[in-house]
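Undergrad: Below is one structure. I have some questions about it.
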Amino acid sequence: CLDFMGPICVKAMVNKRALMKVYPLLLVCQATGALHTEVAHDYSTAAFLLAFDHYTSVRGYPIKVVSDKGSQLTSGGNHVAFGSEETWQHVEETSARHGTDWEFVPAGAQFRNGLAEARVKAVKKTLDQMLSSTIIGGKPTLNYAELQSVLSQAANIVNDRPLFVKEMREGERIVPITVNQRLRGRTSTGRMA
């Protein structure tokens, strides 16, 4: 499932005095609860598709995608900015060839995409802590690339949240089981064997 967070202001990469709004995209595995973040340069279909293409290049195509009916996803009038006149319907057909089925929750029923909404809330709380020192005089100090790095760190923190606790017989240690342990075999703070 996926969802966009609200806009975050960052410094432009070329003109350091200019500010730009970017939109974090959160993608959540419904089987494991694992969180992946991307940054869209604006709130358009083209920006979403660019971020989704980056995600699928790294993680592969999902079998099913659940989302709310954001205008950047469902507007038939939005055109993909890759030199053609493809509409979102064509994007759905193209991703279907890779085995991806799109499901949109009804308008006004964002709670039916609750897993993504919960991760948005968790990332916002984490970012509040992480970004508290990055705004000086009401202006952001991070640029687009730095924000992507901070969002990846926030996703790692969210993926390290305990799911349940397992008691180990050796030394009677209590070990929290996290999403990162299920995916990697260790927490992000754990040492490699």
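The values are calculated or read from the model by the stated rules, or taken from the named source; none is laboratory data. All values derive from a computational prediction rather than experimental measurement. Cβ placement follows ideal geometry from the backbone for every residue including glycine, while neighbour counts extend to all protein chains displayed. For the accessible areas, the whole protein counts, side chains as well, though only heavy atoms, and no ligand, DNA or RNA atoms are used. Shrake-Rupley method; radii C 1.70, N 1.55, O 1.52, S 1.80 Å.
Undergrad: Under 9 Å between Cβ atoms, which residue pairs at least 6 apart in sequence (or on different chains) link something in the stretch 95-110 that is closer than 14 Å to residue 2 by Cβ and touching a residue at least 24 places away in the same chain (Cβ under 8 Å) with a partner that is among the aliphatic types (A, V, I, L, M) and open to solvent by 70 Å² or more (accessible area, probe 1.4 Å)?
TA: 100/63; 101/63
Undergrad: Can you tell me which of (1) touching a helix residue (DSSP H, G or I) at 6+ places or on another chain (Cβ under 8 Å); (2) open to solvent by less than 70 Å² (accessible area, probe 1.4 Å); (3) at pLDDT below 90 is the one residue 150 doesn't meet?
TA: Going through the list (1) touching a helix residue (DSSP H, G or I) at 6+ places or on another chain (Cβ under 8 Å); (2) open to solvent by less than 70 Å² (accessible area, probe 1.4 Å); (3) at pLDDT below 90, residue 150 breaks only (3).
Undergrad: Tell me whether the stretch 91-107 contains one or more residues that are modelled with pLDDT under 90, assigned to a loop (DSSP other than H, G, I, E, B) and over 23 Å from residue 31 (Cα atoms).
TA: Within the stretch 91-107, one or more residues are modelled with pLDDT under 90, assigned to a loop (DSSP other than H, G, I, E, B) and over 23 Å from residue 31 (Cα atoms).
Yes/no per residue for (1) open to solvent by 90 Å² or more (accessible area, probe 1.4 Å); (2) at pLDDT 80 or above; (3) touching a His at 6+ places or on another chain (Cβ under 7 Å):
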position: 49; (1), (2), (3): no, yes, no
position: 73; (1), (2), (3): no, no, no
position: 112; (1), (2), (3): yes, no, no
position: 116; (1), (2), (3): no, yes, no
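Undergrad: Turning to a different aspect of this structure: Within the stretch 51-71, restricting attention to residues that are open to solvent by less than 20 Å² (accessible area, probe 1.4 Å) and either among the aromatic types (Phe, Trp, Tyr) or part of a loop (DSSP other than H, G, I, E, B) (or both), which residue is farthest from residue 7 (Cα to Cα)? Walk me through it before giving the result.
TA: Residues of the stretch 51-71 that are open to solvent by less than 20 Å² (accessible area, probe 1.4 Å), as a first pass: 51-52, 56, 65-67, 70.
Filter once more, so that each one left must be either among the aromatic types (Phe, Trp, Tyr) or part of a loop (DSSP other than H, G, I, E, B) (or both): 52, 70.
Working: 52: 17, 70: 14 Å.
Ranking the candidates gives 52 first.
Undergrad: Name the single residue, out of those in the stretch 169-186 being surrounded by 10 or more Cβ atoms within 10 Å (Cβ to Cβ) and either of a type in the set (S, T, N, Q) or not in a helix (DSSP H, G or I) (or both), that is modelled with the lowest pLDDT.
TA: First, the residues of the stretch 169-186 that are surrounded by 10 or more Cβ atoms within 10 Å (Cβ to Cβ): 175-186.
Imposing the further condition that a residue be either of a type in the set (S, T, N, Q) or not in a helix (DSSP H, G or I) (or both) reduces the set to 175-178, 180-181, 185-186.
Values: 175: 75, 176: 79, 177: 82, 178: 85, 180: 83, 181: 81, 185: 72, 186: 66.
Across the stretch 169-186, the extreme among qualifying residues is 186.
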